[in-house]
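Structure first, commentary second.
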Amino acid sequence: MDGHMGIRKVGSQCSMAEMDDFDLTRLLDRPRLNIERQRSFDERSLSELSVGFARAGLDNYDNYSPGGRSGFNTPASSARNSFEPHPMVADAWESLRKSLVHFRGAPVGTIAAVDHQAEEVLNYDQVFVRDFVPSALAFLMNGEPEIVKNFLLKTLHLQGWEKRVDRFKLGEGVMPASFKVLHDAVRKTDTLIADFGESAIGRVAPVDSGFWWIILLRAYTKSTGDLTLSESDSCQKGMKLILTLCLSEGFDTFPTLLCADGCCMIDRRMGVYGYPIEIQALFFMALRSALSMLKQDTADGKECVERVVKRLHALSFHMRSYFWLDFQQLNDIYRYKTEEYSHTAVNKFNVIPDSIPEWVFDFMPTRGGYFIGNVSPARMDFRWFALGNCVAILSSLATPEQSMAIMDLIEARWDELVGEMPLKISYPAIESHEWRIVTGCDPKNTRWSYHNGGSWPVLLWLVTAACIKTGRPQIARRAIELAESRLLKDGWPEYYDGKLGRYVGKQARKYQTWSIAGYLVAKMMLEDPSHLGMISLEEDKQMKPVIKRSSSWTC
């Protein structure tokens, strides 16, 4: 079955397609009313999609030029004819298949990189949970779901292992950062070795692995229409273990998830400790994905759903109120008073206006906005982080207005955020004394390199998905063309260096699997937008914006 076909009912409740854009608060109330609803994005036929993203009120899907920003009004026929197989596609598929890892004869994932020229293998020969996601989506879009199912089951099995770092035991719900398969040719046996952080650089457990696992489980279910996997007792238990770990109550007064540096895609010290946007967006998306798959035929199932619903409302309120930044909000922060007490405080986190970096005043356009990197007491990290903002759009953590504002920002600051190779993982780079303090003098994260302002081709699939959802495919088309001008010739690097992303990263691995898969997913989604349904979630009607309409939308 393809990604936009109907799916049978989840338990005695409603189908996943219905759950995705269902009023969350209604999950706690019965009986339900059979109300006529608008179809979600992934249920629309391709012919409807080509009319022009009517859901978003936009009718310019076909009116773009593949040539660049200056020519977005090319006739529709020209745009449709531009979808021709690119020479890179065949090479990408060949390279992706070379990265496959087998366990007892069955494919269970893809290794991080197949760089035969690299002096050190390190952990690039392992299957990383976060790295495999774009590979999994590529296989699902190509009608090859078995490898994704094998991966989901194998990592679920690894979740059940006892996890220790030195003498300390990790939480039961922690998913591995990666695993590798050891083949014994003599005994003809295969052995799995998992890494939960005890072998990782910096010894940090992955917070994002469990979220990506839930998101991928939903993508598999949406793509195949087969709910036997997500409804199985083992998968239901696996989801609940992850959610229990994240929803546990403690001393924190915020609904966001407290995280250490190095716990996500930015897996080195980069000053993202606290409440990084990437983790909060993935947390939100995983909660919503789990909500569409959790069964409520038991008391603990119902209780879990109730906890998820309550957290989703609190999290969306918090993120949309305190992490969102546009021109008006920046001006408000600039005029903040400090040392305010009681619930009437406007400057709730006691942020000192003098701590606002100078670059953000020039960076912020009149139209546009984004979710900043971090918010905690007396601290706002104003840096742009691509993954968190793209996932905010796909999960509908961002309101429709905020989603469009993020797209406006990308267009207005194209050179800074895209440059010559999509896409900046973060902006701007930190340097000099700040770099020494924040990164611990990390030689790999020097300015405009690696996680410190480097350009990562894997992000191409995320920005393409966000562009399609917001009805701005012309942005994705331009980004893909930039990638096609370099990626194959450069050997599919892991990342690029420099302010504009002009140089292959100084320590970048060649034939990086997720660079290859990210390109394939972006191409397939742009050519068949219905694929977006497996990774996108519709807006929940009850999660209304809690901040005033931004100045971006009154100009």
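The values are calculated or read from the model by the stated rules, or taken from the named source; none is laboratory data. Quick caveat, the model's predicted, so the values are computed rather than measured. Virtual Cβ from ideal backbone geometry, glycine too; neighbours counted across all protein chains shown. Heads up: the accessible areas ignore ligands, DNA and RNA and are worked out on the full protein's heavy atoms, side chains in. Shrake-Rupley method; radii C 1.70, N 1.55, O 1.52, S 1.80 Å.
Assorted remarks:
- Restricting segment 178-208 to residues that are closer than 23 Å to residue 234 by Cβ and touching a Ser or Thr at 6+ places or on another chain (Cβ under 8 Å), the residue that is surrounded by the most Cβ atoms within 10 Å (Cβ to Cβ) is 179.
- Looking at segment 384-423, the helices (runs of 4 or more DSSP H) lying wholly inside it that each contain 3 or more residues that are among the small types (Gly, Ala, Ser) and crowded, with 23+ Cβ neighbours inside 10 Å sit at 386-395.
- Test: residue in segment 452-469 that is more than 19 Å from the chain's Cα centre (by Cα) and not aliphatic (A, V, I, L, M): no
- Unique residue being touching a residue at least 60 places away in the same chain (Cβ under 8 Å) and not β-branched (Val, Ile, Thr) when the list is 501, 505: 501
- Selection status of residue 185, without any contact (Cβ under 8 Å) to a residue 60 or more places away in the chain, of a type in the set (Gly, Ala, Ser) and over 25 Å from residue 221 (Cα atoms): yes
- Residue in segment 349-365 that is under 30 Å from residue 534 (Cβ atoms) and open to solvent by less than 10 Å² (accessible area, probe 1.4 Å) present: no
- Where helices (runs of 4 or more DSSP H) fall wholly inside segment 257-357, the ranges with 3 or more residues that are out of contact with any helix residue (DSSP H, G or I) (no Cβ under 9 Å at 6 or more places or on another chain) are 299-318.
- Selection of segment 216-226 for residues being open to solvent by 40 Å² or more (accessible area, probe 1.4 Å) and either under 23 Å from the mean Cα position of the chain (by Cα) or hydrophobic (A, V, I, L, M, F, W, C) (or both) yields an empty set.
- Filter result (part of a loop (DSSP other than H, G, I, E, B) and either free of Cβ contacts under 8 Å to residues at least 24 places away in the same chain or within 24 Å of the chain's Cα centre (by Cα) (or both)) within segment 155-165: 160, 162
- Residues being within 24 Å of residue 409 (Cα to Cα) and either in contact with a strand residue (DSSP E or B) (Cβ under 6 Å, 6 or more places away or on another chain) or open to solvent by 10 Å² or more (accessible area, probe 1.4 Å) (or both) - total across segment 292-317: 1
- Within segment 227-259, considering residues that are touching a residue at least 40 places away in the same chain (Cβ under 8 Å) and more than 22 Å from the chain's Cα centre (by Cα), the one most open to solvent (accessible area, probe 1.4 Å): 234
- Residue in segment 437-447 that is free of Cβ contacts under 8 Å to residues at least 40 places away in the same chain, hydrophobic (A, V, I, L, M, F, W, C), assigned to a loop (DSSP other than H, G, I, E, B) and on the phi > 0 side of the Ramachandran plot present: yes
- The listed residues are 341, 334, 273, and the only one of them that is within 20 Å of the chain's Cα centre (by Cα) and surrounded by fewer than 19 Cβ atoms within 10 Å (Cβ to Cβ) turns out to be 273.
- Just one residue in the set 487, 462 is in a helix (DSSP H, G or I), of a type outside the set (Ser, Thr, Tyr) and buried (at least 22 other Cβ atoms within 10 Å of the Cβ); that residue is 462.
- Flag for residue 205 being small (Gly, Ala, Ser) and under 19 Å from residue 132 (Cα atoms): yes
- The number of residues in segment 96-122 being open to solvent by less than 30 Å² (accessible area, probe 1.4 Å), of a type in the set (A, V, I, L, M) and either in a strand (DSSP E or B) or without any contact (Cβ under 8 Å) to a residue 24 or more places away in the chain (or both) comes to 3.
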